[in-house]
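Structure, as structure tokens:
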Amino acid sequence: MSDDGVRVAVTNGESRLGWELYPRYVETANLFVALSRDKSAVGVALLPKRGAGGPGDVDRLREIFDRNAVRADRKA
């Protein structure tokens, strides 16, 4: 994950999910959930926190989300 978006790599390829596709997110105790622009669509990308190396890495992920997306669970 970077300011360019989320890169998903699998055995036979990879794809990039840009922030233009996932401009909103929700944070839970165990996950970051990137949400699609269309609130009626089912477009999500799940990023488990257990994949982070440590608490500092989770904080860095949160900072990237905050720079590039809007927290969908935060009241305006």
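Considering only residues of region 21-38 that are in a strand (DSSP E or B) and touching a Phe, Trp or Tyr at 6+ places or on another chain (Cβ under 9 Å), which is nearest to residue 4 (Cα to Cα)? Give the steps one after another, and end with the answer.
Going residue by residue through region 21-38, those that are in a strand (DSSP E or B) are 24-27, 31-35.
Next cut, touching a Phe, Trp or Tyr at 6+ places or on another chain (Cβ under 9 Å) only: 25-27, 32-35.
Working: 25: 15, 26: 19, 27: 19, 32: 17, 33: 17, 34: 14, 35: 16 Å.
The extreme case among them is 34.
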* Asked: Which pairs do you get when a residue that is without any contact (Cβ under 8 Å) to a residue 24 or more places away in the chain and over 19 Å from residue 67 (Cβ atoms), found in region 20-41, comes within reach of a residue that is buried (at least 16 other Cβ atoms within 10 Å of the Cβ) and not aromatic (Phe, Trp, Tyr), reach meaning Cβ atoms under 6 angstrom, with the pair 6+ apart or on two chains?
  -> 30/49
* Name the residue, out of 41, 45, 9, that is in a strand (DSSP E or B), hydrophobic (A, V, I, L, M, F, W, C) and loosely packed, with under 10 Cβ neighbours inside 10 Å. => 9
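Every number here is computed from the coordinates shown, using simple stated rules; none is lab data. Every value quoted in this text rests on a predicted model; they were computed, and no experiment measured them. As a convention, Cβ positions derive from the backbone with ideal geometry for all residues, glycine included, and neighbour counts pool all protein chains shown.
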